[in-house]
Structure formats: C-alpha cells, structure tokens
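Inspection log for the structure reproduced underneath, given as structure tokens.
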C-alpha cells in the first residue's frame, strides 16, 4: 500500500513532464508569431518586440524549453503579461471561491444523487423511478448557462429570494452570506452531475440487489432499509465513487461557465479572462495546475477503493 | 403433532403469465418433523427451490403468487403474516443456507459481523455479548481459530469455510427449521462430505427440523431421513430414505435413481494399440508475477504434467477445484499459453507456436465447456454458431450447411432447429449443440471440460452416451475433465488424478477405482456421496 502510493506519486512526474512539454509546444507550434498573436491586432512593432523579449521567444527553442522546465522545477509558473504578477500568485488568489464552489457542488450532488438513484433502483419501474430517469435525461440536456440564467430570472429577479450574483467569502462575511450566494451556482453546476450519478447509482444498485448476499440479508430478517444501506449501497460504492471522481475532473469546464454567469472571481473566471486577453503564461499555468489536480483526484479515487472494497489491495 | 416443525398443505404458487406452465408448484403437501432431515429431490424446474423460498417468504411477490394452501410453521400460517412479521420469523424461527457460498456472503463486510447482524436484528444483546455468541457459533461449526476469523472477509476463506459461516449464521438463534438449498452442490467432494457431516451433526445436537433441497441422490443416501420427489411442480412420491432408494414406486423416481452413474467402472475391453493423438510432456503453467516493489504470489497451476491420449480413447482428468485440471485443458487447446513443456499433436509441438502458426492446428482440437447457457452466442442462431468454424477454414456455405444438418441428426436434434436461437433450447439440447459445433471442425481431439456437470442427472446420462457414441464414430481422442467420480467411472478408459497442479496418480479407470494408491485418490473416493449405494442396480 505504502509502496503503491509512492509508486503512483513518482508516476505523476513523467505525466506532468509530458503535459508541460505539450503546453510549451502549444504556444510555439501555433501558426504565426506567438508574440504578434499575444500583442493583438493593434500592436506596434515595438510592442511585439517587447513581448517577444519578455517571453524569451527570441532564443532558440531548445534553450526556451530548458528554461521553461527549469522554471517549472522551481515551482514557478511564470509571470502574467498584463497584471505582471506571478501566475502562482494569481492562482492562489482565485483558488478559494472555486474550491468552495466545487466542494459544495460535490457534497450537494452526492447528497441528492445517491439517494435518488438508490430509491429509483429499489422501486424500479415505479413512477419514482420514471421521474428520476426523466430528470436525468433533462439534466443531461440543459446547457449550464441556460439553466443558470433561468434560475437567476425566477429565483433572484422575480421572487427576489436569492442574490443575483457575486461571491462572499465565508471568512469575511460569515457562513450565511456565503451560502446565500452559493445556492444558485451550486444548483446550476450540480444538475448535470446529479443526473449522471443518479443514473449510475440506479444501475449499480439495481445490479447489486440481484446478488445472492442481498437474499441472504433478507433471509436473516433484515429490514429493507438496512438491506439497501448496509448491503446494497456498500457494494455499489466502487463504481459510484469512480463516477463521482470523473465528475469532479470534468467539473473544470462547468466551473468556467458557472463562474462567468454568477460573476464569481474564481479560477474559472481567470481561465476565461486569460483566454480573452491571450495571456499565455497564465493559460499555461492553469493547464498545468488543472492537470495536476486531475492526477491527484485519480490517485485519491484509486486509494479510496481499498477502503470501500477489502478485496482490492495494492 | 407437536413434533411437526413445518407442515405445508396443498400449496400452489402461480407463475407469471407467459411462463411455460401455469403453476410453479401445485398442491404440494409435506411435513418436516423435529429431528428430521427431509430431502426434496428433483431436477431443474421441479419446483423444489420455489417451495423452499415460499416458506421463507423470499419469492419475488410480483412474479410468484401463492394462490392456495397453507404453510404452518409450528402451527402458525406463514401465508397470513405481514412482511414485518415474516422478517421477525426469518432468522429467528427459520433459517436458510444457500447453494453458492461464494456469493451468498457480502464481500465487503467481515464475516463475524455478518453473523452478528442476525443478533443485532433480532435481539438487544450488547456488542460484546454479540461477539461472544458469534464466536461460540463459529466454534460450533468447527471453524478454526474463530477469534481471528471473525475479522476475515469472505474472499479470504475457502468455499467450505464460507458455507460453515452460512451455517453458523443459520444456527445463531437456534431456529426450529433449517432450510438448506443445495448447500453442498458448489463444493468439492471432500468438502461436501465434511459439510454434510456437519449438518447431520448440528441437526442431531440441536434437534431442529431440516428441509434439504438437492438434485443429488448420493447426497440423499448420505443424509436423508425421509425423501420427497418432485417433478414439474408436483410431489410425485414420498417416503423414508430406504423406501425411496431401494423400492421406488413412481416411474420418474425410478428413472432418476437409474440415471445416477455407478461408482463402479464397467468392464472395458483392453484398448487396442492405436496411434497417439495427443501428448503432453512436462507441461507447466505458472500464474502470478513478481512486482517491482513487492514479491508477487506465484501459483503453479500445472506442474510437469505428462499425458498421452490415443485415438478412440477417453482419458479422464479428475480433481477438485484448484487442482489444475481445467488449466491443463486450456493449455492444450492453447486458450492460455503454457509456461513450459511440449504439447504434441500429429507430431507437431504446439506449445510454443505463435497464434499464426497455431491456426491450422486449432481445427484438430476442439473443446466443449461446462456451461451450455453461456458458451453459445445468444444473438446468433445455433446454425450460424456451428458453421462459423468450418467456414473459417475454407468450407463453402452450402457444404457447411449440409455438415451442420448431418451433425444435428447425429447429436439427436432436428436439422430444422438450426435456425433457432440458443434460448429456445433446454440445457441438455444446448450441450448437444455445443458438441455438434465442436464436431463440425472434424477434430482429432475432443476436450470436454466439465461438459456434463451443469446438467440434470437424466440429461447427463444422455449426453454421456452421446459423447461415447461420437467418440466411437469419429475415432476421437477424448480428454474428459471432471470433478465427478461417478461420471468419470462410466466414461473414461484411463484416468489421472490431479491435486494442486500435480498428477498424483494415473492408470486404467477400473484399476484406480479398485486399488487407489495415492492417499488423495483414496480420500476422493471415500468422500463420494452415497458411495455405499449402487443406484443403477437398485432401480
């Protein structure tokens, strides 16, 4: 187990190197002069020259690559072109809202989706099951931004129960204000994951309910509720957790849209701003950062299997 | 009457519409007395399991509806109980042991806790008291080191140990009625003998009534006080063990008992000197790898196996699960790659051939698998499955069709049935199709890997006869893999006994059965259920 963790952590290094090279080449291999692209249509020759100098683009490619890797190895993701701040600082500033948004979304999703899917599986074929499946299809089909604006229109503008947009840090404004501002973004972002995880939970639990040990539990006189919780759900956990993990990894795209709709100053907004401003160092830094998170989540999922299923040992 | 634990009167359970018959069981009446082991015997579809599950209240209510009769458990009618009352009775007054110990236990919960769960549901014992009681019942079913095993997970235990856990679970609250649904069918014969002994022993000590569902007359002979024979959902005959086994009245009972293969090998003519069809020399298969950081577990599934099969001869490979008998079969067909050794067929060593080199030889070795329900592609007609192989080797569609029709006749099926899909056949018919499929390749060697183990005893006898006939007809060399000593006695000219990947004994079948040399062979023969009875002669 211990060796497995070490092995997996060591294995992230080559993956990160490949991602870094890819990010490096992405800028250099894009058609045209990257400095001119970054400077934009109205830039003067001096502007382009200045950017080229600043990014070190006037040096030979191998030298650039060496510098880039060396810089990364020191934990330095470079400096933003416009704000002139280190990319790590920018990411650090924007981390909190995104992290809290993602965390609330995951908790909300799991609390809603797993019971829904379990009930649907238990009552397969009933109206509850059909409702859950209908919701699931709808949840998959509605684009995040449409849902977001619909929720804002109904709950914030017409009924005026929730704020339209913005972010209040719980550390400054307290938990209540934070939650009030979080409700709509969390619902918006979680709908698709609830749809996905409820479906997956339904399928898995339905399968597990056919297993012999569920029959054994019933033969012991166990109540249906405990059969579901103690026997079925525990055995369905591995596939469900896998999907939850994948959901977290896929959440990055949803975060960009949600943060834009609700004007939350998080990493998603940073991505959007950096792309619009063609701030390449920031984009590069964010890609690397998200890749790292992705790898980390995968490792955590794999390790969680050993807790959920005693047959899995690394 | 106070000695009657369970009395079923005129029980009828309806099947859902569209089933092959109206009732799963019809007008079933039987009793189980205190201190009695009542065996319900029948083939698949006889309704024996439905009877047991109806008593437990574990049948799917939507599909199976009891429409008439009474089930009296110590005088109380179970069919009148609410779900809640039934839950209270299950585990406390009646308990059940299932067929598959591999799947009947929850894989992610410690076995001790799974036994303890029963006490948690039905009693208000403290956690510590529960644990004490659990360890007590684990001792009662002779599990080694219960304190340690309490914390084991099911996958860490053997099949026999798991079945003991199931029995301990059933015993924990000392119920008056124990229902055992084929509890030893999935176990190896030596384990089966131990578990049967255990069930007899606890039944004697606790004085409970046992309803024991089985298809195996050997087991019946070993364990039953009384026997109830079921066919197509009805009780056709009941009586004491001796009545049923020695003087069966109903033709179905006679047929069932007559179909049980004898443990005594028939007299066989001395085999003629025939050419060698298949030879394996120093065949080895090692599973497992050593990791980079950790030392891997290495299993020698087959170790220096030597075998020779001549044309027109059947060599039996017998052994328990994990003995390596299937590994040997799969290596020879090259479904898995042997780690070392030679496999010679027609003078060519196929053990180390690449897939491309191997291809022409595939035609010469064919295999029939255990489970006819899973070895045919459900989305293709059986005709398509049969002609696929020969056509891959260049036979024209028309000739392949003719060959398939001929083979259907040979295996005893109508050639018109070639257009049907596997689900339209019974298990025995499917196995015939599988044999036809293998024969379509015109092989020299036919491997039967537990080919009759999944079949009912009457069907088993027919398929064995068919295998024997096709062997004669095509002068095949047959390698017959089985765990069933009765079957092996009847069909094999020579047998080899395997244990832990090693061949411990081989010789002519009659010699090995009459004078087993190796202690393992002796223990296998001693464990065969109903060994004292020669059923075929009785009927």
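Could you work out the mean count of beta carbons from other protein chains within 10 Å of each residue's beta carbon in B:92-105? Please report the intermediate quantities before stating the final value.
Numbers: counts 2, 1, 2, 3, 5, 2, 5, 1, 2, 1, 1, 5, 8, 4.
Other-chain Cβ atoms within 10 Å of each residue's Cβ, averaged: 3.
If you line up the Cα atoms of segment A:1-109 on their principal axes, what length do they span on each, largest first, in Å?
Taking max minus min along each principal axis of the Cα atoms, segment A:1-109 gives 56, 33, 24 Å.
Could you tell me what a quarter of the Cα convex hull surface of segment B:45-108 works out to, in nm² with one decimal place? List each step's numbers first, then the result.
Working: hull surface 23.2 nm².
Approximately 5.8 nm², given one-decimal rounding.
Taking every Cα atom in segment B:382-453, find the radius of gyration and the maximum pairwise distance Dmax, and write them in Å.
Cα only, segment B:382-453: 11.7, 35 Å (Rg, Dmax).
Let's test this: bin the Cα-Cα distances of segment A:90-308 at 5 Å from zero up to the farthest pair and state each bin's percent.
1, 7, 13, 15, 16, 15, 12, 9, 6, 3, 2, 0, 0, 0
Helix B:457-474 sits at what angle to the longest principal axis of chain B, using alpha carbons and giving 0 to 90 degrees rounded to 10?
Helix B:457-474 and the main axis of chain B meet at about 0 degrees.
Give me the one-decimal nm value for the distance between modelled label points at residue A:5 and residue B:102, 7 Å along each residue's Cα-to-Cβ direction.
Each label point lies 7 Å from its Cα, and together they span 3.4 nm.
Can you check how the C-alpha radius of gyration of chain B compares to 2.2 N^0.38 Å, as a plain ratio?
Here the answer is 1.05, to two decimals.
Count the DSSP beta bridges whose two residues both fall in the protein assembly as shown, then state the antiparallel fraction as a percent rounded to the nearest 5.
Working: 44 of 81 bridges.
Bridges in the protein assembly as shown that DSSP calls antiparallel: roughly 55 percent.
Which one, A:60, A:34, A:97, has the greatest fluctuation when you compute a Gaussian network model over chain A with C-alpha springs under 10 angstrom?
Maximum fluctuation in the GNM of chain A, among the listed residues, is at A:60.
Over segment B:333-458, how many percent of alpha carbon pairs lie in each 5 Å bin up to the one with the longest distance?
Each 5 Å bin holds this share of Cα pairs: 2, 11, 20, 21, 19, 13, 9, 5, 1, 0.
Within 10 Å, count the other beta carbons around each residue, average over each peptide in A:14-23, B:238-247, A:255-264, and list them highest first. Before the final figure, lay out the partial values.
Working: A:14-23: 14.4, B:238-247: 16.3, A:255-264: 22.0.
Per-residue Cβ counts within 10 Å, averaged per peptide and sorted highest first, yield A:255-264, B:238-247, A:14-23.
Given just the C-alpha atoms of segment A:16-73, how large is their convex hull per residue in cubic angstrom?
Details: hull volume 4.5 nm³, N = 58.
Looking at segment A:16-73, the number lands at 78 Å³ per residue.
Can you tell me what share of the DSSP beta bridges in segment B:4-259 is antiparallel? A percent to the nearest 5 is fine. The partial results should precede the final answer.
Details: 22 of 41 bridges.
The antiparallel fraction comes to roughly 55 percent.
So if I restrict to the alpha-carbon atoms in segment A:216-265, what is the Rg, and what is Dmax, the biggest pairwise distance, in Å?
In order Rg, Dmax, the Cα atoms of segment A:216-265 give 18.7, 55 Å.
What angle, in degrees between 0 and 90 and rounded to the nearest 10, separates the Cα long axis of helix B:127-140 from the longest principal axis of the Cα atoms of chain B?
Approximately 60 degrees, to the nearest 10.
With a cut-off of 8 Å between alpha carbons and a minimum separation of six or more residues, what is the relative contact order of segment B:127-186 in percent?
Working: 25 pairs, mean separation 22.8, N = 60.
For segment B:127-186, the relative contact order is 38 percent.
Going highest first, how would you order B:249-257, A:233-241, B:476-484 by mean Cβ packing within 10 Å?
On the way: B:249-257: 17.7, A:233-241: 20.1, B:476-484: 24.4.
Highest mean packing first, the order is B:476-484, A:233-241, B:249-257.
Using only C-alpha atoms and all pairs of different ones, pull out the Kirkwood radius for segment B:81-180 in Å with one decimal. Show your work: numbers first, answer last.
Numbers: mean 1/r = 0.0738 Å⁻¹.
When all Cα pairs of segment B:81-180 are included, the Kirkwood radius is 13.5 Å.
Please give the Cα centre distance for segment B:137-169 versus segment A:244-274, rounded to the nearest Å.
51
Can you give the translational diffusion coefficient of segment B:318-367 in µm²/s, computed by Stokes-Einstein from the Kirkwood radius over Cα pairs at 25 °C and 0.890 mPa s? Mind dumping the intermediate values first?
Values: Rh = 11.5 Å.
Translational D for this selection: 213 µm²/s.
Relative contact order for segment A:90-308: what percent, with Cα pairs under 8 Å and sequence separation of 6 or more? Kindly include the intermediate steps, with their values, before the conclusion.
Numbers: 234 pairs, mean separation 63.1, N = 219.
The normalised contact order for segment A:90-308 reaches 29 percent.
Highest GNM mean-square fluctuation, chain A, Cα pairs closer than 10 Å: which of A:295, A:61, A:128?
Between A:295, A:61, A:128, it is A:61 that shows the largest mean-square fluctuation.
Can you give the helix-only mean residue ellipticity at 222 nm for the protein assembly as shown, where every DSSP H stretch with n ≥ 4 adds -39500 (n - 2.57) and the sum goes over all residues, rounded to the nearest 500 deg cm²/dmol? Please report the intermediate quantities before stating the final value.
Values: 33 runs with 428 residues, N = 853.
Rounded to the nearest 500, it is -16000 deg cm²/dmol.
Evaluate the Debye formula for segment B:4-259 with equal point scatterers sitting on the alpha carbons, no solvent, and hand back log10 of I(q)/I(0) at q = 0.14, 0.17 Å⁻¹, in q order, two decimals.
After summing over all Cα pairs, the log10 values are -0.96, -1.34.
Roughly speaking, what is the centre-to-centre gap between segment A:191-235 and segment B:495-528 when only Cα atoms are used, to the nearest Å?
Between the Cα centre of segment A:191-235 and that of segment B:495-528, the gap is 46 Å.
For segment A:44-83, what is the convex hull volume of its Cα atoms per residue in Å³?
Numbers: hull volume 2.2 nm³, N = 40.
In segment A:44-83, the Cα hull volume divided by residue count equals 55 Å³.
Counting pairs of alpha carbon atoms under 8 Å apart in space and at least six apart in sequence, what relative contact order in percent does chain B give?
On the way: 1072 pairs, mean separation 88.4, N = 539.
Taking the mean separation of contacting Cα pairs over the length of chain B, I get 16 percent.
Mind pulling the per residue volume of the convex hull built on the Cα atoms of segment B:267-380? Å³ is fine. Don't skip to the answer; put the middle values down first.
Details: hull volume 20.8 nm³, N = 114.
Enclosed volume per residue, from the Cα hull, is 183 Å³.
When the expected Rg is taken as 2.2 N^0.38 Å, what fraction or multiple of it is the alpha-carbon Rg of the protein assembly as shown?
Numbers: Rg = 34.3 Å, N = 853, 2.2 N^0.38 = 28.6 Å.
For the protein assembly as shown, the normalised Cα radius of gyration is 1.20.
By how many degrees, 0 to 90 and rounded to 10, does the Cα axis of helix B:159-171 deviate from the longest principal axis of chain B?
Roughly 10 degrees between the two axes.
How are the alpha carbon pair distances in segment A:167-254 distributed across 5 Å bins from zero to the largest one, expressed in percent?
In order of increasing distance, the bins hold 3, 13, 16, 14, 13, 12, 11, 9, 6, 3, 1, 0 percent.
Order B:171-182, B:421-432 from most to least packed using the mean count of other Cβ atoms within 10 Å. Could you put the intermediate results ahead of the total?
Values: B:171-182: 22.1, B:421-432: 19.0.
Result, highest mean Cβ count within 10 Å first: B:171-182, B:421-432.
Where a number appears in this text, it was derived from the coordinates with a stated rule and is not lab data. This one's a predicted model, so the numbers in the text were calculated from it and none came from an experiment. Here the Cβ is made from the backbone with ideal geometry for all residues, glycine too, and neighbour counts use every protein chain on show.
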